[in-house]
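The values are calculated or read from the model by the stated rules, or taken from the named source; none is laboratory data. Every value quoted in this text rests on a predicted model; they were computed, and no experiment measured them. Virtual Cβ from ideal backbone geometry, glycine too; neighbours counted across all protein chains shown.
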Amino acid sequence: MLQRNVEKPADDGSANKNTGNGHGLNMLRNWRRPVKYMPVFDYTRCTRCGLCATACTWGEIRLVPEKVVEGKPITIPVANRSSCGACHYCERQCPEDAITIVDIPFVSSHRYWRGDQKNLWRQADPNNPGHVLLISTGSDSALMSYFDQLMFDACQVTNPPIDPLREPMETRVFLGRKDFSAAEKPPLLQVETPILFSAMSFGSINLRVQIAEAKAARELGTYWNTGEGGLHKQLNEYAGNTIVQVASGRFGVSPRFFRNCSGVEIKIGQGAKPGIGGHLPGEKVTDEISKTRMIPKGADALSPAPHHDIYSIEDLRQLIFAIKETTRYRKPVSVKVSAVHNIAPIVAGIARAGADIIAIDGFRGGTGAAPRRIRQSMGIPIELAISAADKRLREEKIRDQVSLIAAGGIRNSADVLKAICLGADAVYIGTAVLVALGCGLCQRCYASRCSYGITTNRPDLAQRIDIDIAQEALVNLVQAWTDEIKELMGGMGINTIGSLVGNRERLRGIHLTEDELDVLGVKQAGK
Amino acid sequence: MCGIVGGIDTAGGVLSGADFIQAIKIQHERGNGLGGGFAAYGIYPEFPDYYALHVACDTERAAREADEFIRAHLYVKITEDMPTKDVTSITWHPLLKRYFTYPGPSNEDLKLSNLGVTTVHEEREMLDVFMKKFVFSFNRSIRGAFVMSCGRNMGVFKGVGYPEDLGEFYLIDKMKAPVWITHSRFPTNTQSWWGGAHPFSLLEWSVVHNGEITSYGVNRNYLEMFDYECTLKTDTEVISYLFDLFVREQKMSLEDTCSILSPPLWDEIEKVDDREKKKLTYLRQYYPQALLNGPFAILVTNGKEMIAMNDNLKLRPLVCAQSGDRFFFSSEECSFEVLCPERGKTWMLPGGRPAIVRMKGDVDAAA
């Protein structure tokens, strides 16, 4: 079996309970697992409704009998201190605002080891041992964000700023190969705002979330991406706003899949786990997932680390053209790669291999599950990767042959525009989509017990997503960001987003070394 | 803020340089004395086939290096100091030289048969490409010297100072030409130097510009993919290169080129007929990097055609006047009182909609 030995999700905490062997001082065997967070209850506000215990899917809250009133037992919520991950769901659900999630202070005298001590105990834990530590979402590493070190220019005196409330501002972009010499013009994707929903598969998230994404994409005039888990038949109707993804597992790749999409993306890598495949455990492969992925129910869905038919660039070219032939050259083909050290020549190679769009995913890019060490220590920031790729494509004079999409750690509209100024034509957002749906970023999507009902396919939990409300939330988010982008553009005196793609003149860097400024192609502030 | 004035006699009749000095002088307030210049076409009828290089050199040494560089790459028919007149307000000027040249160290090297081309037209295209590369290479290699203009039968006369003083300095008042553009500068983005004054010129193209190209970074990136080198430290130069790229190299019409540089808004494209919509959509899809963003009013000419254009929000002034076969463009209407007091009509150029004026029939100012 190809299964990696990975950590099982923490359950209700029974494994950690002191077994009470009489001594209480037995090393290791009786240790409690270190927990970082817990809910604290304000019992003066609490009405003992018990909603929090139902809301919590992690087994952190138990109800303990308090007293009997008029023959009815009253229970009181108590924290187990076993499995809270600070998802904040109970806190946000409590009708009385009686819950606060707090950090449990961890006092360690050793500054160097402090961060790793707890992980090390987890890996050695005799009660639940031997694990590759799993983690979800994008890297939370303390490395600085280059986005935060970049400032936009603004018009003063010599050039009038443009007021987006009074003047037209255009954010429409076209993604694809702009080959004006070609007799048969390659297909382009028209995007009304340069923000697309990133790949998240059916399996990693549930169908209700995908439907909300697809509906929101249609309303916004942008695209959503199926991820590698195939295209559920209920989503056929959103073909005009769908990008389907072909990954190493080739899940759900079928004529229907190619018919009901606007573009096809070949996934080579993902920022959170460059060089690593995926693994959806068999117990999560439900009926619907089995049909959509075209694999047996209950079978592990394994995506190999490489595509087993792509061992070099010429193989990628064959796959790109196999897909173009299949779709009769009517749909642009995108290739998604992780931002790695050698990204510039890799991107140039992909462009020459025939890709119409290249999506680069930085190390902050999200994931449903990745080994923690990979997520925290592989890949490079998207800011540097997109700039290096854009520069290289220009040097090779093929920049207009391909569109670039930046992904991985885009937190707000300023990040979107900074990525564009560094050379992206558009961006993918993934984590931001989940956060818009409520996600508390507890980084435990792999456990499939998402209390918000996002990254789980348990029917009872998935019900927590209301498709219409979710769609509205996504539309609100993207419209708000688009309005903010227009404000930023107006301040810079620019009324068409195309005039910002790779326009590093409109950025200045602060607290960056000369080498960093050089890679970003940005001048020091004040210059 | 800058002032621009241009004029073209479509019947090939001549317009007096003295009038253009007066026309730009009357806009004195629009400049601050840190730059001005003139481009005139059809001024070297005695050498119509030779590329007229106007070269400015800061020092004797730069002038020597420039001379060696030119002679190493070009056949020089005539070389001379630019005729100038001392003007008290121009306290310093570079050494100004004029060369009439032909590509190739000797005239013999470039006979049609040796080039492997069969028509005069092909030959000219090849020579133009050579000259373009020569000029970029010159501006990159020779420290303290730059080429002001390199077209045939035309020239750019520019520098640091008020345009009326520079006009006197360059003896513009003695010149007559069917096509003129002129500029008064109030620099805001870059320091003032002789190379940064307008008009900017490449081959027969020259441009005067009032405004700021906020999309400069994108335009420069795009042009660099086609081997244009932006060496003059000012946003305006990209305009002349974009015209050269699209019209001369890629053989696009002036109308399409203008639609690329200052396209209609998407909402406006929705309203036009299907054929036009298809074309405009295509141009916007394929050439977003060549779009000029920011406030601008520009006059562009190649001696045969003159294009007046505004950004599509009309953030800079530009007015037009017609007087018989003569067309005039200016930042301010007052200039027309000098150029054509008896004019047929005067109108404001709408934002994003260019005015294109062509020489009549086979009249060709540059030929």
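Within the bounds of segment A:283-298, is there any residue that is surrounded by fewer than 19 Cβ atoms within 10 Å (Cβ to Cβ), at negative phi and at pLDDT below 90?
yes
Since B:Ala63 meets every condition but one in (1) touching a Gly at 6+ places or on another chain (Cβ under 8 Å); (2) closer than 17 Å to B:Gly195 by Cβ, which condition does it not meet? Failing condition for B:Ala63: (1). Within segment B:291-341, being within 14 Å of another protein chain (Cβ to nearest Cβ), touching a Ser or Thr at 6+ places or on another chain (Cβ under 9 Å) and not polar (S, T, N, Q) holds for B:Leu291, B:Leu292, B:Gly294, B:Pro295, B:Phe296, B:Ala297, B:Asp311, B:Arg316, B:Pro317. Of the residues that sit in segment A:364-391 and are closer than 15 Å to A:Gln443 by Cβ and not small (Gly, Ala, Ser), which one is nearest to the chain's Cα centre (by Cα)? Looking at residues that are closer than 15 Å to A:Gln443 by Cβ and not small (Gly, Ala, Ser), I get A:Thr367.
Restricted to segment A:168-184, and to residues there that are loosely packed, with under 15 Cβ neighbours inside 10 Å and either touching a residue at least 24 places away in the same chain (Cβ under 8 Å) or within 8 Å of chain B (Cβ to nearest Cβ) (or both), the residue that is farthest from A:Thr496 (Cα to Cα) is A:Glu184.
Taking segment B:87-182 and the helices (runs of 4 or more DSSP H) fully enclosed by it, the elements with 1 or more residues that are modelled with pLDDT of 90 or more and of a type in the set (Val, Ile, Thr) are at B:120-141.
Taking the conditions exactly as written (surrounded by fewer than 24 Cβ atoms within 10 Å (Cβ to Cβ) and at pLDDT below 95), does A:Arg256 satisfy them or not? Spelling it out, it is not the case that A:Arg256 is surrounded by fewer than 24 Cβ atoms within 10 Å (Cβ to Cβ) and at pLDDT below 95.
Residue-by-condition table, conditions (1) touching a Cys at 6+ places or on another chain (Cβ under 8 Å); (2) surrounded by fewer than 24 Cβ atoms within 10 Å (Cβ to Cβ):
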{"site": "B:Glu268", "(1), (2)": "no, yes"}
{"site": "B:Val272", "(1), (2)": "no, yes"}
{"site": "B:Leu283", "(1), (2)": "no, yes"}
{"site": "B:Leu292", "(1), (2)": "no, no"}
{"site": "B:Ile298", "(1), (2)": "no, no"}
{"site": "B:Arg316", "(1), (2)": "no, yes"}
{"site": "B:Gln322", "(1), (2)": "no, yes"}
{"site": "B:Arg326", "(1), (2)": "yes, yes"}
{"site": "B:Glu333", "(1), (2)": "no, yes"}
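Checking the structure you have, find out if any residue of segment A:232-244 is surrounded by 24 or more Cβ atoms within 10 Å (Cβ to Cβ), farther than 21 Å from A:Asp468 by Cβ, touching a residue at least 40 places away in the same chain (Cβ under 8 Å) and not charged (D, E, K, R). Yes: segment A:232-244 contains one or more residues that are surrounded by 24 or more Cβ atoms within 10 Å (Cβ to Cβ), farther than 21 Å from A:Asp468 by Cβ, touching a residue at least 40 places away in the same chain (Cβ under 8 Å) and not charged (D, E, K, R).
If you go through segment A:394-429 and keep only what is touching an Asp or Glu at 6+ places or on another chain (Cβ under 9 Å) and among the small types (Gly, Ala, Ser), you end up with A:Ser403, A:Ala406, A:Ala407, A:Gly408, A:Gly409, A:Ser413, A:Ala414, A:Ala419, A:Gly423, A:Ala424. If you go through segment B:168-194 and keep only what is of a type in the set (Phe, Trp, Tyr) and over 21 Å from B:Thr91 (Cβ atoms), you end up with just B:Trp180. Counting only helices (runs of 4 or more DSSP H) that sit wholly inside segment B:211-272, those with at least 3 residues that are away from every other protein chain (no Cβ under 12 Å) and at pLDDT 90 or above are B:237-243, B:254-261. Scan segment A:496-523 for residues that are within 26 Å of the chain's Cα centre (by Cα) and of a type in the set (Val, Ile, Thr) and the total you get is 3. Of all the residues in segment A:394-418, those that are surrounded by fewer than 24 Cβ atoms within 10 Å (Cβ to Cβ) and farther than 23 Å from A:Phe197 by Cβ number 7. Among the residues of segment A:297-330, just one is touching a residue at least 12 places away in the same chain (Cβ under 8 Å), acidic (Asp, Glu) and assigned to a loop (DSSP other than H, G, I, E, B), namely A:Asp300. Residue count for segment A:137-167 satisfying the condition of being more than 10 Å from every other protein chain (Cβ to nearest Cβ), free of Cβ contacts under 8 Å to residues at least 40 places away in the same chain and either at positive phi or touching a Pro at 6+ places or on another chain (Cβ under 6 Å) (or both): 0.
Residues considered: A:Asn503, A:Asn495, A:Asn476. Of these, the only one that is over 30 Å from A:Glu60 (Cβ atoms) and surrounded by fewer than 20 Cβ atoms within 10 Å (Cβ to Cβ) is A:Asn476. Once segment A:501-517 is narrowed to residues that are in a helix (DSSP H, G or I) and more than 7 Å from chain B (Cβ to nearest Cβ), the residue that is nearest to A:Thr171 (Cα to Cα) is A:Leu517.
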